[in-house]
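Everything on this sheet refers to the single structure shown next.
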Amino acid sequence: DVKVTQSSRYLVKRTGEKVFLECVQDMDHENMFWYRQDPGLGLRLIYFSYDVKMKEKGDIPEGYSVSREKKERFSLILESASTNQTSMYLCASSYQTGGGTEAFFGQGTRLTVV
Amino acid sequence: ILNVEQSPQSLHVQEGDSTNFTCSFPSSNFYALHWYRWETAKSPEALFVMTLNGDEKKKGRISATLNTKEGYSYLYIKGSQPEDSATYLCASPYFNKFYFGSGTKLNVKP
């Protein structure tokens, strides 16, 4: 069974903390994604990686960075957490077919920054 | 950024009703159109990946159509059941990145 696993389901962090969200996939997918989901706004792309050590900014990269040292693992880093980063974060992965095959998602991490 | 729009934002129906929602996307540079179902406390899961104009896909009581020339897709649910309650997302890929609409939240009352 195909799996995308995110390290935490729920997380509460303090303003200013450095936060790491981890994502692992077991499907040998080339592409990995980080999205955030906010009510009424749908899924917005934060960062995209198409290969190890390769990354592209998405639509809302400000305040975030990413790391992809191994093909199966894609980390999202909040350099200095702020309350406006309270959100649901979803990791996804896919084959590199230009979008002709579906994305597979993790279960999501609900992050609260206080 | 690819502008993908969905309507309505939410829908409340009675068990047994049939329903449909719309996804519109830019028709230029079209490659594919995806539909996902996202149930509460679960991961979004793909329903359909559609690539050809006029494509129709079906999975049980759920079906979808695609018009790439005018840039829209419809998702239909026949005889809605409470277990169909979920958020339905559509996405249009562009250079390997997926751009999602804001979703249609469906609530089916028993």
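Of everything in the range B:57-110 that is over 16 Å from B:L47 (Cα atoms) and among the charged types (D, E, K, R), the residue that is most open to solvent (accessible area, probe 1.4 Å) is B:K69. Of the residues A:G16, A:G63, A:G98, A:G106, which is under 20 Å from B:F100 (Cβ atoms), modelled with pLDDT of 95 or more and not hydrophobic (A, V, I, L, M, F, W, C)? The conditions single out A:G106. Based on this model, can you work out whether B:V49 counts as surrounded by 19 or more Cβ atoms within 10 Å (Cβ to Cβ) and within 13 Å of chain A (Cβ to nearest Cβ)? When the stated conditions are applied, B:V49 passes them. Scanning the range B:25-40 for residues that are exposed (fewer than 15 other Cβ atoms within 10 Å of the Cβ) and within 13 Å of A:F105 (Cβ to Cβ) yields a total of 1.
All of B:T22, B:T40 fail the test of being among the hydroxyl-bearing types (S, T, Y), at pLDDT below 95 and within 23 Å of A:R36 (Cα to Cα), apart from B:T40.
The condition of being part of a strand (DSSP E or B), closer than 20 Å to B:T87 by Cβ and not hydrophobic (A, V, I, L, M, F, W, C) holds for only one of A:R68, A:R36, that being A:R36.
Within the range A:21-39, if we keep just the residues that are in contact with a Ser or Thr (Cβ under 6 Å, 6 or more places away or on another chain) and more than 11 Å from A:E72 (Cα to Cα), the residue that is surrounded by the fewest Cβ atoms within 10 Å (Cβ to Cβ) turns out to be A:D38. In the range B:8-19, what count of residues is obtained for those that are open to solvent by 60 Å² or more (accessible area, probe 1.4 Å) and either under 13 Å from the mean Cα position of the chain (by Cα) or modelled with pLDDT under 95 (or both)? Result for the range B:8-19: 2. Here A:F105 meets the list (1) under 13 Å from the mean Cα position of the chain (by Cα); (2) more than 10 Å from every other protein chain (Cβ to nearest Cβ) almost entirely, failing just condition (2).
Out of the range A:88-112, which residues are assigned to a strand (DSSP E or B), open to solvent by less than 10 Å² (accessible area, probe 1.4 Å) and either at positive phi or hydrophobic (A, V, I, L, M, F, W, C) (or both)?
Scanning the range A:88-112 gives A:L90, A:C91, A:A92, A:L111.
As for the range A:60-79, it holds at least one residue that is without any contact (Cβ under 8 Å) to a residue 12 or more places away in the chain and surrounded by fewer than 18 Cβ atoms within 10 Å (Cβ to Cβ).
The values are calculated or read from the model by the stated rules, or taken from the named source; none is laboratory data. All values reported here derive from a predicted model rather than from experimental measurement. We place every Cβ from the backbone using ideal geometry, glycine too, and count neighbours over all the protein chains shown. Side chains are part of the model used for accessible areas, which takes the heavy atoms of the whole protein and leaves out ligands, DNA and RNA. Shrake-Rupley method; radii C 1.70, N 1.55, O 1.52, S 1.80 Å.
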